[in-house]
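K.L.:
To start, I am sharing the structure in question, which I have written as structure tokens.
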Amino acid sequence: MDRVRELAAMKAAVIFTKSSCFMCHSINTLFYDLGASPAIHELDRDPRGKEMERALQSLGCNPTVPAVFIGGRFVGSARDVLSLHLDGSLKQKLKDANAIWL
């Protein structure tokens with residue numbers, strides 16, 4: 001859990017993913033399209049990935065990826081992020097965390 005919290009706090013926007021996950025790719029693309037440059041941590045390519053995946057599960061991530069953090073706080077999975085985007089609040093959260101400046 002400490003590793004997840006540490007990585008989540010290192011940048012304004014952080015996404016935990018797996019390289020083969022199409023929803024992870026979609027969320028990453030959404031963030032880039034909004035002007036954010038998130039830190040992306042691919043759990044299937046990290047030696048401590050299984051440990052981090054268990055930590056994400058304990059936070060309530062189901063499925064465990066994509067798991068999105070903005071401003072060091074857990075935002076949720078793809079469904080949560082897409083809901084925020086559709087209601088217009090995702091961009092504001094990214095602005096508030098200084099992940100984007102537009």
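The values are calculated or read from the model by the stated rules, or taken from the named source; none is laboratory data. Predicted model, so just to flag it, every value in this text is computed and none were measured. As a convention, Cβ positions derive from the backbone with ideal geometry for all residues, glycine included, and neighbour counts pool all protein chains shown. Please note that ligands, DNA and RNA were not included when accessible areas were found on the heavy atoms of the full protein model with its side chains. Shrake-Rupley method; radii C 1.70, N 1.55, O 1.52, S 1.80 Å.
K.L.:
Considering Ala12, Ala39, which residue is closer than 16 Å to Asn98 by Cα and without any contact (Cβ under 8 Å) to a residue 40 or more places away in the chain?
P.N.:
So the residue among Ala12, Ala39 that is closer than 16 Å to Asn98 by Cα and without any contact (Cβ under 8 Å) to a residue 40 or more places away in the chain is Ala39.
K.L.:
Name every residue in the stretch 1-47 that is β-branched (Val, Ile, Thr), assigned to a helix (DSSP H, G or I) and surrounded by 18 or more Cβ atoms within 10 Å (Cβ to Cβ), in order of residue number.
P.N.:
If the condition is that a residue be β-branched (Val, Ile, Thr), assigned to a helix (DSSP H, G or I) and surrounded by 18 or more Cβ atoms within 10 Å (Cβ to Cβ), then Val4, Ile27 are the ones that fit.
K.L.:
Moving to a separate point now. Could you check, for the stretch 81-91, whether at least one of its residues is without any contact (Cβ under 8 Å) to a residue 24 or more places away in the chain, small (Gly, Ala, Ser) and either outside any loop (DSSP other than H, G, I, E, B) or open to solvent by 60 Å² or more (accessible area, probe 1.4 Å) (or both)?
P.N.:
Yes.
K.L.:
Only residues that are without any contact (Cβ under 8 Å) to a residue 40 or more places away in the chain, within 22 Å of Ala99 (Cβ to Cβ) and more than 14 Å from the chain's Cα centre (by Cα): list them for the stretch 19-36, please.
P.N.:
The answer is Asp33, and nothing else.
K.L.:
Give the stretch 67-80 a look and list any residue that's open to solvent by 30 Å² or more (accessible area, probe 1.4 Å) and part of a loop (DSSP other than H, G, I, E, B), or say none.
P.N.:
Result: Gly71, Gly72.
K.L.:
Given (1) assigned to a loop (DSSP other than H, G, I, E, B); (2) within 24 Å of Trp101 (Cα to Cα); (3) among the β-branched types (Val, Ile, Thr), identify the lone condition not met by Thr64.
P.N.:
Exception for Thr64: condition (2).
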